[in-house]
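Engineer: Let me begin by handing over the structure; questions about it come next.
The values are calculated or read from the model by the stated rules, or taken from the named source; none is laboratory data. Predicted model, so just to flag it, every value in this text is computed and none were measured. Reconstructed Cβ throughout: ideal geometry from the backbone, glycine too, with neighbour counts over all protein chains shown. The area values use the complete protein model at the heavy-atom level, side chains included, leaving out ligands, DNA and RNA. Shrake-Rupley method; radii C 1.70, N 1.55, O 1.52, S 1.80 Å.
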Amino acid sequence: MPSLGDAVAQDARRTRAGRWQMLLLALVCAAPVIASYFSYYVVRPEGRRNYGELIDPQRPIPAAAATDLSGRPFDLTSLKGQWLLLSVAGGACDEACQSNLYLQRQLRESLGRDKDRLDWVWLVSDDARIPDTLRPALGQATVVRVPADALAQWLQPAAGAQLPDHLYVVDPMGHWMMRFPPHLDKATASKAKTDLLRLMRASASWDEAGR
């Protein structure tokens with residue numbers, strides 16, 4: 001039988017080997033995402049400019065205490081597996097909120113055959129009731145209530161702006177990776193569309209519709 005010291009050494013070697021195997025597996029899984037970002041942000045024609053701002057470091061979806069519109073618990077991490085186009089606003093949804101929801105829907109539709117690879121999500125930051133007149137327009141949206149403090153720990157507005165001023169992009173691995181400039185409107189939405197189309201093309205080799 002091996003000595004106690006030999007057994008301990010063997011266990012240590014197996015532990016190290018297991019850790020290296022897990023790290024290698026994680027790198028293999030992340031490689032397509034890394035490659036698509038490299039293609040999008042590095043291997044690109046001279047003079048290209050992104051309209052959206054790249055978030056660095058990227059921030060993963062938090063395990064916040066979210067609920068759906070029926071008040072049932074909602075696991076935010078279940079949103080992984082799709083590209084997400086997010087907006088944030090209170091449930092009363094003022095004019096700016098409604099404009100963002102409209103642009104989210106239009107931007108998704110403008111992706112054509114790639115639209116099923118992107119979900120549009122409204123993160124409601126309070127307990128205010130959503131107007132009944134607005135609900136029919138949200139049929140294709142994912143609407144989730146998330147405490148404002150939890151949102152503030154994940155998403156961040158640009159200097160001088162507020163969370164509801166932006167649209168945010170989250171990749172299929174659940175990382176917030178882009179923020180469009182505040183107060184997007186119909187005139188500037190085409191620039192956001194260009195960014196989204198580039199992301200769809202850059203990730204086409206590994207990302208498919210559905211979770």
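Engineer: Mind ordering 70-78, 139-147 by average Cβ neighbours within 10 Å, highest first?
Structural biologist: Taking the mean over residues of other Cβ atoms within 10 Å, the ranking is 139-147, 70-78.
Engineer: Taking R0 as 25 Å, what FRET efficiency do you get between HIS183 and ALA204 from their Cβ-Cβ distance, rounded to the nearest 0.05? Can you show the working numbers first?
Structural biologist: Numbers: r = 31 Å, r/R0 = 1.22.
For HIS183 and ALA204, the calculated efficiency is 0.25.
Engineer: Just subtract the alpha-carbon distance of MET173 and ALA128 from 0.36 nm times their residue separation and send over the number in nm, one decimal.
Structural biologist: Fully extending the segment from MET173 to ALA128 adds 13.2 nm.
Engineer: I would also like to ask the following. Treat each spin label as a single point 7 Å out from the Cα along the C-beta direction, and report the GLU109 to THR77 distance in nm.
Structural biologist: 3.6 nm
Engineer: Now for a different question. For a test of the definition: using alpha carbon positions, the gyration tensor, and the 1.5 limit on a/c, classify the range 95-189 as rounded, prolate or oblate. Could you put the intermediate results ahead of the total?
Structural biologist: On the way: a/c = 1.30, a/b = 1.09, b/c = 1.20.
Rounded shape, in that the Cα axes give a/c under 1.5.
Engineer: Using the Cα gyration tensor of the range 111-153, with a ≥ b ≥ c the square roots of its eigenvalues, what is the shape: rounded (a/c below 1.5), prolate (a/b larger than b/c) or oblate (neither)?
Structural biologist: oblate
Engineer: Would you please give the residues with an amide H less than 5 Å from that of MET173, counting only those at least 5 places away or on a separate chain, with H modeled from the backbone geometry?
Structural biologist: GLY81
Engineer: Could you tell me which of rounded, prolate or oblate describes the range 159-211, using a ≥ b ≥ c as the square roots of the eigenvalues of the alpha-carbon gyration tensor, with rounded for a/c under 1.5 and, failing that, prolate when a/b is larger than b/c and oblate otherwise? Show your work: numbers first, answer last.
Structural biologist: Numbers: a/c = 2.92, a/b = 1.62, b/c = 1.80.
In terms of gyration-tensor shape, oblate.
Engineer: Please list the non-local residues whose amide H lies under 5 Å from the amide H of ALA64, H modeled 1.01 Å from N, same-chain partners needing a gap of 5 or more.
Structural biologist: Excluding prolines and chain starts, which carry no amide H, the hits are LEU76.
Engineer: Take the solvent-accessible surface of the protein heavy atoms, probe 1.4 Å, and return the percent of it on the range 86-211 that carbon and sulfur atoms account for.
Structural biologist: Ligands and nucleic acids excluded, carbon and sulfur give 48 percent.
Engineer: Report the accessible area of HIS166, computed with a 1.4 Å probe over the heavy atoms of all protein chains in place, in Å² rounded to the nearest 10.
Structural biologist: 0 Å²
Engineer: Ok, one more. ³J(HN,Hα) across the range 49-59 via Karplus (A = 6.51, B = -1.76, C = 1.60, θ = phi - 60°), whole Hz, x for Gly/Pro?
Structural biologist: So the Karplus estimates, Gly and Pro as x, are 10, 7, 7, x, 8, 5, 8, 9, x, 5, 10 Hz.
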